[in-house]
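A quick write-up on the structure given underneath.
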Amino acid sequence: MADGTGSGKTPDSRQADLGQLATAMSGLTLGEIEETLQRLLTARTPLAGLFEQQPPPSRRRPRRSEAVTYRVRIDLNRTRPPLWRRLELASDLFLDQVHGVIQVALGWTDSHLHQFGSGPGHYDPETEHYLCPFQVEDGETGIPEEDVRLDEVLADVGDRLFYDYDFGDDWQHTIKLEAVLPRRDSGPRAVCVAGRRDGPAEDCGGVYAYELICAATDPGNPDHTDAVAELGRFYGEFADPEAMRVTAFDIDQVNERLAGLALQGQSESDDSNTGQRDYPQPLNELIRAARTTAGKRELRQLIGKARLDQPVLVGAVTASRMVRPYTWLLDRVGDDGITLTAAGYLPPAHVEAAMTDLSLGEEWIGKGNRENQTLPVLHLRESAARMGLLRKRHGTLLLTSHARKLRGDPVALWWHLAKRMPPKSPDSCETQAGLILLLALAAEAAKDPDVIIARLLGSIGWVNEDGAELTKLAAGQASWDTKTVLRRLGALTDDGPWRSAARPTAQGVAFARAALRNWP
């Protein structure tokens, strides 16, 4: 029963909440009490119901019509002397990209949640927050960081943006715009130009522990002896300052890592009218499905390397060679169609012809005369149906209207197949796995595609039935349908026993790019 105040709490429960609040604040300084109250105003805890909250005002401003270079300084709050990095950033970076830059610049490992905020303070109720993927999925109030561009929240010299990382250790950063500079098209999109002090180790305990570790590992520090003793009390038997200290700040190493982030710009990846990246819709959906920033970043890096903005050309000779299995099948079905067996399969004569004419005997063991026991032929027919080339009617296999138009035009058939990859599937995991496979091939990723598929499916949230992380084998099974079509087209070659590592041919790279660029 509610107490009539609109809070949905009984008087006893409200009194208990107030008691918890008083206990939490005992011993705090005035400044710490103020910060605690501000955090409670926005925290998703029972105590938040004690305060009435209004949605924060929007802090976003119109994007710049042309990208410039922002010189910003990022300070790790409450460090003495200040720990900071000075960066030059393209103003059209999105905040999820800025997050990746900060992680590199400070030496973080992206192992915890984070969020950006624009307003009076980190936890002020008037601050508008821009959320990481996990917060969005959890229903937090705010705007997804991937939809916010840097020049929407930093516009004029002196503007500030807040960045919080690891809500347990509570690393609070302040990003201040120091200068707005002209931008060179050939210049790096993120570069570190200066910095001070080593970055903290993950999970070391926050700013207090960081300063303690720095003093304990520096014999020249006037507080060294006391810091060693205090560290022992703070961490007990686990006190090992050397193990908690990250490598020294190395600006060359930072810039080398920043250069590898493959950050796309406005001209490559932004539709300024919608606020969304100008990727083909399935790739946008794939990025949105990823729950981790690392997963989203890897997908965008692959898209950048795939060069989907480049034209794809295919000649008649190459197209004829690649689509030959499907051309053979369409010609075999012909204008009159094929009467299927009572069980709905191709009659043995057609199965035997496919095995001989398409040299499928090299990849299958058996007599090759019963379709339900001859997987290469069965998959060829089923994939042709899923890609709109064949249909069944009253027990007869027939050409679709599309197939009738495409039979004599191998280039048009090649494009038709590309536009329908991955093949339709009711299983969203298989569709996503097929998209990731095509993306890895188009980007000419050096690693085994199945490794990439396993990692990115995991970032979306897919796991094995027992809850364990997806293995390379499971990823290969999820992408099997797409991979088999690609093999049939000669778009993939296989290295090692049991086709353990698929590699794209030059024609396969072009086909994958065409598939990703031309999704209907």
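Work out how much length Asp336 to Asp223 would gain on full extension: take 0.36 nm times their residue separation and subtract the Cα-Cα distance, in nm to one decimal.
Fully extending the segment from Asp336 to Asp223 adds 31.5 nm.
Given labels modelled 7 Å from the Cα in the Cβ direction, how far is it in nm from Gln373 to Arg80?
Each label point lies 7 Å from its Cα, and together they span 8.3 nm.
Which whole-number percent of Cα pairs in the range 316-419 have a distance greater than 17 Å?
So the portion of pairs separated by more than 17 Å is 50 percent.
Under 25 Å Cα to Cα from Lys305, which lysines show up? Leave out anything in the same chain fewer than 8 places away.
Lys296, Lys419, Lys447, Lys472, Lys483
Taking amide H positions as placed 1.01 Å from N in the peptide plane, with prolines and chain starts having none, which residues 5 or more places from Leu390, or on another chain, fall under 5 Å of its amide H?
Residues meeting the criterion, in which the H sits 1.01 Å from N, are Ala385, Thr400.
7 Å from Cα along Cα→Cβ at both Thr141 and Leu313: what's the point-to-point distance in nm?
If labels sit at Thr141 and Leu313, their model points lie 5.7 nm apart.
Give, in nm to one decimal, the length gained when the segment between Thr396 and Asp357 is fully stretched (0.36 nm per residue of separation minus the Cα-Cα distance).
Result for the pair: 11.8 nm of gain on full extension.
R0 = 22 Å: FRET efficiency of Glu444 with Arg288, Cβ-based, nearest 0.05?
Working from the Cβ atoms, E equals 0.30.
May I ask you to compute the full-extension gain from Gln477 to Lys305, defined as 0.36 nm times their residue separation minus their alpha-carbon distance, rounded to one decimal in nm?
59.4 nm
Applying a 10 Å radius around every beta-carbon, put 461-473, 374-386 in order of their mean neighbour count, most first.
Going from most to least packed, we get 374-386, 461-473.
Every number here is computed from the coordinates shown, using simple stated rules; none is lab data. Because the structure is predicted, anything quoted here is derived from the model rather than measured. Here Cβ is always computed from backbone atoms with ideal geometry, including for glycine, and neighbour counts include all displayed protein chains.
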